[in-house]
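In what follows, a structure is listed as structure tokens, so that the remarks can point back to it.
The values are calculated or read from the model by the stated rules, or taken from the named source; none is laboratory data. A quick note: this is a predicted structure, and the numbers were derived from the prediction, not measured. Note: ideal-geometry Cβ built from the backbone for every residue, glycine included; neighbour counts use all protein chains shown. We work out accessible area using only protein heavy atoms, side chains counted, and drop any ligands, DNA or RNA first. Shrake-Rupley method; radii C 1.70, N 1.55, O 1.52, S 1.80 Å.
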Protein chains: 2
Amino acid sequence: MNTAPNEQLSLLLVDDDATFCDVLRRALEKRNFSVTVAHSVEQALPLVQPNPPEYAVVDLKMGGASGLALVQLLHEMDPATRIVVLTGYASIATAVEAIKLGATQYLSKPANADEIVAAFGHLADPDLSLNAQPASVERLEWEHINRILQENGGNISATARALNMHRRTLQRKLAKRPSGG
Amino acid sequence: MNTAPNEQLSLLLVDDDATFCDVLRRALEKRNFSVTVAHSVEQALPLVQPNPPEYAVVDLKMGGASGLALVQLLHEMDPATRIVVLTGYASIATAVEAIKLGATQYLSKPANADEIVAAFGHLADPDLSLNAQPASVERLEWEHINRILQENGGNISATARALNMHRRTLQRKLAKRPSGG
DNA sequence: TCGCTCTGCGACAATATGCCGCATCCCTGT
DNA sequence: ACAGGGATGCGGCATATTGTCGCAGAGCGA
């Protein structure tokens, strides 16, 4: 942390959606963050090597390396970095992985800048209220598929075999967004 | 099985569903765990105060205090304890909290003993985890539907609403597999 | 009895799936 | 450099499953 109270906070934003990055960057800059943007893990690496950022917003599903690898790297470089993982394909399996690798919070799109900023300050809360609504079968299926996919290191063909499901069908299911519930 | 059965591994199982506990306890005992059962956080406390267990399986949604509090306590008492959170009301939010509070893994019901043991990570029996084939999505769906049906006292319409599924579809699914599993 | 919900089931349209093939890539051993 | 093997993404098409409607009967409390 810098001593100057009005110093901007360095923030790394990594998402392969250019439009999304533009919008979010502007919103974050208004909130006193000095934003650096990258569209892939590979592109982000040289930007963080010299001096790791204080904050980071990382998308998981990008071309090239998974955002999870970047989360791990950022956390190793500076454990004090507050990392928010933001993904349109949220699943419990990847959420668990992200947190274990050092992420501070895990949000699913759509999320606005305020939610993201709030997530930076989020602390573990053992009194979190529980959702009394059971998961829909659709959601359950999504979670299960993602867990097996995780176990198979992201290998779609292997996952399809493990689940006794046609690869084409798995592809189509993965292409769809997870539905709430 | 083939590994030398040295001393048993202490395991705390906390779930308010007595039947579920019975079944799971037996399954875990077969896998060389010394299982202690509690049906609430309050009931579990005196059991872990003298000597914390090496492993724990904790349900989140129970009468009384949230399982998250117990996760935190167990982790504080002994950071080496491997804690698996197992819940029928899985959500990303609680998954994130659970991991941050010290849980090793987060699973949603239905999950069998093999999956739970695998979730503890490494150790266990490598042979068991290797041939442990993940449940097919169909079987998962069937068990989930039946669990919710149970909770709704067999009311098909209510279950369909809870699962966000059309009543007609639920009827057809239920008619297809008269003998569940 | 009226009004409400649950239930089973037929029918038809909208989707989803299984299964084919094909064109890339990315390894790895030759 | 090359072939072989596997993984991936995707179009297309026949078939299976769902979503959605409607209807009639049963149970239940006011």
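How many Å² of accessible surface get buried when B and A come together, counting both sides, probe radius 1.4 Å, rounded to the nearest 100? Walk me through the numbers before you get to the answer.
Numbers: alone 10310 and 10480 Å², together 17670 Å².
Approximately 3100 Å² gets buried when B meets A.
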>> Using Cα springs under 10 Å in a Gaussian network model of chain A, which residue among A:H75, A:H39, A:H122 shows the largest mean-square fluctuation?
In response: A:H122
> What residues of segment B:134-162 lose no less than 50 Å² of accessible area with every protein chain in place versus their chain by itself (probe 1.4 Å, heavy atoms only)?
Replying inline: B:P134, B:V137, B:L140, B:H144
> Each label point is 7 Å from the Cα along the Cα-to-Cβ direction; what then is the distance between the points at A:Q43 and A:D22, in nm?
Replying inline: 1.3 nm
> Projected onto the charge dipole of chain B (+1 at Lys/Arg Cβ, -1 at Asp/Glu Cβ, origin at the Cα centre), which of B:A175, B:T159, B:V84 gives the Cα projection farthest towards the positive end?
Replying inline: B:A175
> Looking at segment A:71-98, which residues lose a minimum of 30 Å² of accessible area between their chain alone and all protein chains in place, measuring with a 1.4 Å probe and not counting ligands or nucleic acids?
Replying inline: A:I92, A:V96
>> Placing the label point 7 Å from Cα along the Cα-to-Cβ direction, what are the distances from B:R168 to the equivalent spots in the other copies, shortest first, in nm to one decimal?
In response: 2.7
> Given the pairs B:K100/B:K176; A:K173/B:K61; A:K109/B:K61, which are separated by over 32 angstrom at their Cα positions?
Replying inline: B:K100/B:K176
> Most mobile of A:Q49, A:Q105, A:Q133 per a Gaussian network model of chain A (Cα springs, under 10 Å)?
Replying inline: A:Q133
>> Before I look further, what does the protein assembly as shown give for accessible area per residue, probe 1.4 Å, in whole square angstrom?
In response: 49 Å²
> Thinking of chain B as a set of Cα atoms, what percent of all their pairs are more than 25 Å apart?
Replying inline: 38 percent
> Seen from all sides and averaged, what is the projected area of the convex hull of the Cα atoms in segment B:1-70, in nm²?
Replying inline: 4.8 nm²
>> If each label sits 7 angstrom from Cα along the C-beta direction, how far apart, in nm, is B:D78 from its counterparts in the other copies?
In response: 3.8
>> Quick check: net charge around B:A65, other residues with Cβ under 10 Å of its Cβ, Lys/Arg +1 and Asp/Glu -1?
In response: -2
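At 1.4 Å probe size, with the rest of the protein present, what percent of the exposed accessible area of chain A is carbon and sulfur atoms? Present the calculation step by step, with values, prior to reporting the outcome.
Values: 4400 of 8890 Å².
For chain A, the apolar C and S fraction of the accessible surface comes to 49 percent.
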